[in-house]
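This report concerns only the one structure given below.
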Amino acid sequence: MEVKQRLATIQQQINETCKKMGRNPEELTLIAVTKSVSSKRAQSLADLGVKDFGENRLEGLLDKQENIQEEVNWHFIGNLQTRKVKELIDTIDCLHSVDRMSLVKEVNKRAFRPLDCFVQVNVSGEESKSGITPAEADAFFEQLAEYENVHVIGLMTMAPDTEDESVIRSVFRSLREIRDKIAAKKLPYAPCTQLSMGMSNDFMIAIEEGATHIRVGTALVGSESEEDK
């Protein structure tokens, strides 16, 4: 399937889900996760008007930035090693994977301006996933006050890889509830109004549960094998 068809399908699914939930589709940011495809395929999405791109590795990010011509927003969505922060931090518009204080400190030190960030929460409790625990959220946010270059706009999570929609929905709903509690504090350094959740297989559930940013890879961009056809 061509990228144009994939984008049209995703946009239709977004519009239908938002209509069902009484939401405005314009409130939603669709992030094209292009980690598994070439810069050429990513460029084809930019040509179609996609404005937000997500990468999870420094090398892939820099390659896409060098080759995509349009002005777009760059999201780093993967686990970020502290030692790579200095190479990355001033090339992105948003960091989705703040998961420890050592990373907060390094971002604050290296960024030349306040950077929009999401704090990653491991709602499901899976050992394979990064993120603070829900129980750590309050204390973590209190510590953020002294780091002026870390501007937390919301929370991020990943649901378990399961076909059980009730499990997926429970994870997304729990993240929203944590977000609501933090947002109610009206912290100037962490307004925390946004939710980054939902990927190719579960983004419609995420929208139903309040996602403001969805990170869609394969369903939108396809795969390298398709590029060769």
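The values are calculated or read from the model by the stated rules, or taken from the named source; none is laboratory data. Bear in mind the structure is a predicted one, so any value in this text is a computation, not a measurement. Cβ atoms come from the backbone with ideal geometry, glycine included; neighbour counts cover every protein chain shown.
For region 109-130, what are the residues that are small (Gly, Ala, Ser) and modelled with pLDDT of 95 or more?
Result: Ala111, single match.
Among the residues of region 172-229, write down those that are modelled with pLDDT of 95 or more, over 17 Å from Arg23 (Cα atoms), assigned to a helix (DSSP H, G or I) and among the charged types (D, E, K, R).
Of everything in region 172-229, those that are modelled with pLDDT of 95 or more, over 17 Å from Arg23 (Cα atoms), assigned to a helix (DSSP H, G or I) and among the charged types (D, E, K, R) turn out to be Glu177, Arg179, Asp180, Lys181.
Which residue pairs have Cβ atoms closer than 6 Å, lie 6 or more positions apart in sequence or on different chains, and pair a first residue in region 131-148 that is closer than 18 Å to His96 by Cβ with a second residue that is exposed (fewer than 12 other Cβ atoms within 10 Å of the Cβ)?
none
For region 15-52, give me the residue count where each residue is more than 16 Å from the chain's Cα centre (by Cα), crowded, with 18+ Cβ neighbours inside 10 Å, hydrophobic (A, V, I, L, M, F, W, C) and closer than 19 Å to Gly198 by Cα.
Residues flagged as more than 16 Å from the chain's Cα centre (by Cα), crowded, with 18+ Cβ neighbours inside 10 Å, hydrophobic (A, V, I, L, M, F, W, C) and closer than 19 Å to Gly198 by Cα within region 15-52 amount to 1.
Could you list, in sequence order, the residues of region 122-171 that are more than 26 Å from Gly217 (Cβ to Cβ), outside any helix (DSSP H, G or I) and in contact with a Lys or Arg (Cβ under 8 Å, 6 or more places away or on another chain)?
Residues satisfying the conditions are Tyr147, Asn149.
Please state which one of Glu70, Glu55, Glu136, Glu106 is modelled with pLDDT of 95 or more, farther than 22 Å from Arg179 by Cβ and either over 19 Å from the mean Cα position of the chain (by Cα) or of a type in the set (A, V, I, L, M) (or both).
Numbers: Glu70 fails: modelled with pLDDT of 95 or more; Glu55 fails: either over 19 Å from the mean Cα position of the chain (by Cα) or of a type in the set (A, V, I, L, M) (or both); Glu136 fails: farther than 22 Å from Arg179 by Cβ.
Residue meeting the stated conditions: Glu106.
Of a type in the set (A, V, I, L, M), at pLDDT 95 or above and within 30 Å of Ser38 (Cβ to Cβ), is that true of Ile168? Explain how you work it out, then say what you get.
Numbers: of a type in the set (A, V, I, L, M): yes; at pLDDT 95 or above: yes; within 30 Å of Ser38 (Cβ to Cβ): no.
Considered against the rule, which asks whether it is of a type in the set (A, V, I, L, M), at pLDDT 95 or above and within 30 Å of Ser38 (Cβ to Cβ), Ile168 comes out as no.
Go through (1) surrounded by 13 or more Cβ atoms within 10 Å (Cβ to Cβ); (2) under 18 Å from Gly154 (Cβ atoms) one by one and return the number of the condition Thr133 breaks.
So Thr133 meets the others, but not (1).
What number of residues in region 51-103 are assigned to a loop (DSSP other than H, G, I, E, B) and either at positive phi or among the small types (Gly, Ala, Ser) (or both)?
Residues flagged as assigned to a loop (DSSP other than H, G, I, E, B) and either at positive phi or among the small types (Gly, Ala, Ser) (or both) within region 51-103 amount to 1.
For a quick check of your reading of the model, give me the residue pairs whose first member lies in region 192-203 and is at negative phi and crowded, with 24+ Cβ neighbours inside 10 Å, whose second is among the small types (Gly, Ala, Ser) and part of a strand (DSSP E or B), with beta-carbon atoms closer than 6 Å and at least 6 apart or on different chains.
Within 6 Å, the pairs are Leu195/Gly154.
Find the residue count for region 107-121, including only residues that are in a helix (DSSP H, G or I) and crowded, with 21+ Cβ neighbours inside 10 Å.
Residues meeting the conditions: 1.
Mind checking which residues of region 146-189 are in contact with a Phe, Trp or Tyr (Cβ under 6 Å, 6 or more places away or on another chain) and either among the polar types (S, T, N, Q) or surrounded by fewer than 21 Cβ atoms within 10 Å (Cβ to Cβ) (or both)?
none
Is region 17-34 home to any residue that is part of a helix (DSSP H, G or I), at pLDDT 95 or above and in contact with a strand residue (DSSP E or B) (Cβ under 8 Å, 6 or more places away or on another chain)?
There is no residue in region 17-34 that is part of a helix (DSSP H, G or I), at pLDDT 95 or above and in contact with a strand residue (DSSP E or B) (Cβ under 8 Å, 6 or more places away or on another chain).
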